[in-house]
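The values are calculated or read from the model by the stated rules, or taken from the named source; none is laboratory data. These numbers were taken from a predicted model, which means no experiment stands behind them. Here the Cβ positions follow ideal geometry from the backbone for every residue, glycine too, while neighbour counts run over all protein chains shown.
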Amino acid sequence: MSDGVVLIGAGGHASVLLDLLIEQRANILGYISIDIASNEQLFSDFRRFKSDEQINQFDRSMVKLVNGVGSIPGNTLRHDIYNRYKELGYRFATIVSQNAIVSKYAQLAEGVQVMHGAIIQAGVSVGCNSIVNTGAIIEHDCTIGNNNHIAPGVTISGNVTSQSNVHFGTGSSVIQLVDIDENVIIGAGATITKNVEKNSICYPARIFKQAIE
Ligand SMILES: CC(C)(COP(=O)(O)OP(=O)(O)OC[C@H]1O[C@@H](n2cnc3c(N)ncnc32)[C@H](O)[C@@H]1OP(=O)(O)O)[C@@H](O)C(=O)NCCC(=O)NCCS
């Protein structure tokens, strides 16, 4: 990564990314945050920009942004920030952990972040600004949309497609050949076996059985 990078945010997701960027010896120019970092020790060596205007000093062709805003169901902040900076002419770095396995026959769009322990197999494409979080597995030939969050420990089987703004909750599983429409939330631990319509929330089964006397 030869361009200088500026990290947006200083919360939990940003701290994981900063740790990764340090490990990769990236040229970190600083981070943008109104608030003091949640992990002050980690951020203490880096310059804090308290407003967006302060990064205008950098030539947009020489700097890449890293979207450190995490993604939780029902909150569009990460998506909004990506769009805002793209409109201003900035580019986003695509980040892959040195401890992830990504097939050379997979395609990652701008701003995708692949965290430690993730596995992305051949024939997969992942849309812009999506997160493939810690330990997630995306099997062969899946097409993952823009602004998706594949949370820690998710397993997506082969030939699955997802449209924009899909949240795959922590530890959820999706069987092969399923199509997931836009703006869907898959609850943590859910197992998806059929296509999912847009704007759906998929809750996991919760089976409670009374003790037999
Ligand atoms: C599916 C989800 C969006 C539901 O949110 P919600 O509609 O606001 O549901 P609530 O939090 O009001 O919970 C309603 C009930 O369902 C239960 N519940 C919610 N999600 C559940 C889940 N995934 N598994 C089991 N039970 C769940 C709650 O414990 C609660 O139970 P109660 O009525 O007995 O108290 C959310 O719980 C979820 O799974 N989010 C994904 C989190 C995630 O992936 N985080 C990743 C961060 S990196």
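Name the single residue, out of those in segment 167-186 being part of a loop (DSSP other than H, G, I, E, B) and among the β-branched types (V, I, T), that is nearest to the ligand (Cβ to nearest atom).
T170
For A37, indicate whether it is at pLDDT 95 or above, assigned to a loop (DSSP other than H, G, I, E, B) and more than 16 Å from the ligand (Cβ to nearest atom).
Against the criterion (at pLDDT 95 or above, assigned to a loop (DSSP other than H, G, I, E, B) and more than 16 Å from the ligand (Cβ to nearest atom)), A37 does not qualify.
Taking the conditions exactly as written (buried (at least 16 other Cβ atoms within 10 Å of the Cβ), outside any helix (DSSP H, G or I) and within 16 Å of the ligand (Cβ to nearest atom)), does G30 satisfy them or not?
no
Hey, can you tell me all the residues within segment 143-157 that are near the ligand (Cβ under 9 Å from one of its atoms) and of a type outside the set (A, V, I, L, M)?
Keep residues of segment 143-157 that are near the ligand (Cβ under 9 Å from one of its atoms), which gives 149, 151-152, 154.
Scanning segment 143-157 gives H149, P152.
Can you confirm whether G189 is assigned to a loop (DSSP other than H, G, I, E, B), at pLDDT 95 or above and near the ligand (Cβ under 10 Å from one of its atoms)?
In short, yes.
Of all residues in segment 1-40, how many are out of contact with any Ser or Thr (no Cβ under 9 Å at 6 or more places or on another chain) and of a type outside the set (A, V, I, L, M, F, W, C)? Reasoning before the result, please.
Of segment 1-40, the ones out of contact with any Ser or Thr (no Cβ under 9 Å at 6 or more places or on another chain) are 1-2, 4-6, 17-19, 21-22, 25-26, 28-31, 33, 35-36, 40.
Narrowing the set further to residues that are of a type outside the set (A, V, I, L, M, F, W, C) leaves 2, 4, 19, 25, 30-31, 33, 35, 40.
Matching residues across segment 1-40 total 9.
When both residues are 6+ apart or on different chains and their Cβ atoms are under 8 Å apart, which pairs have a first residue that lies in segment 100-115 and is closer than 16 Å to Q24 by Cβ and outside the structural domain of V154 (by TED's automatic domain parsing), and a second that is among the acidic types (D, E) and buried (at least 16 other Cβ atoms within 10 Å of the Cβ)?
none
Every residue, every condition in (1) among the charged types (D, E, K, R); (2) in the same structural domain as A118 (by TED's automatic domain parsing); (3) within 11 Å of the chain's Cα centre (by Cα), yes or no:
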position: I131; (1), (2), (3): no, yes, yes
position: D141; (1), (2), (3): yes, yes, no
position: H149; (1), (2), (3): no, yes, yes
position: T155; (1), (2), (3): no, yes, no
position: V160; (1), (2), (3): no, yes, no
position: S164; (1), (2), (3): no, yes, no
position: G171; (1), (2), (3): no, yes, no
position: V178; (1), (2), (3): no, yes, no
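Which of the residues spanning segment 112-129 are within 17 Å of A14 (Cβ to Cβ) and under 10 Å from the mean Cα position of the chain (by Cα)?
Passing the criteria: V112, Q113, V114, M115, N129.
From G171, G145, G153, which residue is touching a Ser or Thr at 6+ places or on another chain (Cβ under 9 Å) and surrounded by fewer than 19 Cβ atoms within 10 Å (Cβ to Cβ)? Give the derivation first.
Details: G145 fails: surrounded by fewer than 19 Cβ atoms within 10 Å (Cβ to Cβ); G153 fails: surrounded by fewer than 19 Cβ atoms within 10 Å (Cβ to Cβ).
When all the criteria are applied, what remains is G171.
For segment 64-103, enumerate the residues that are more than 16 Å from the ligand (Cβ to nearest atom), over 17 Å from E53 (Cα atoms), of a type outside the set (A, V, I, L, M) and part of a loop (DSSP other than H, G, I, E, B).
Within segment 64-103, T94, Q98, N99, S103 qualify.
What pairs can you find where one residue is in segment 57-73 and outside the structural domain of H149 (by TED's automatic domain parsing), the other is within 15 Å of the ligand (Cβ to nearest atom) and at pLDDT below 95, and their Cβ atoms are less than 6 Å apart, with a gap of 6+ or different chains?
Pairs found: none.
If I ask for residues that are of a type outside the set (S, T, Y) and modelled with pLDDT of 90 or more, which ones from segment 41-59 would you list?
Q41, L42, F43, D45, F46, R47, R48, F49, K50
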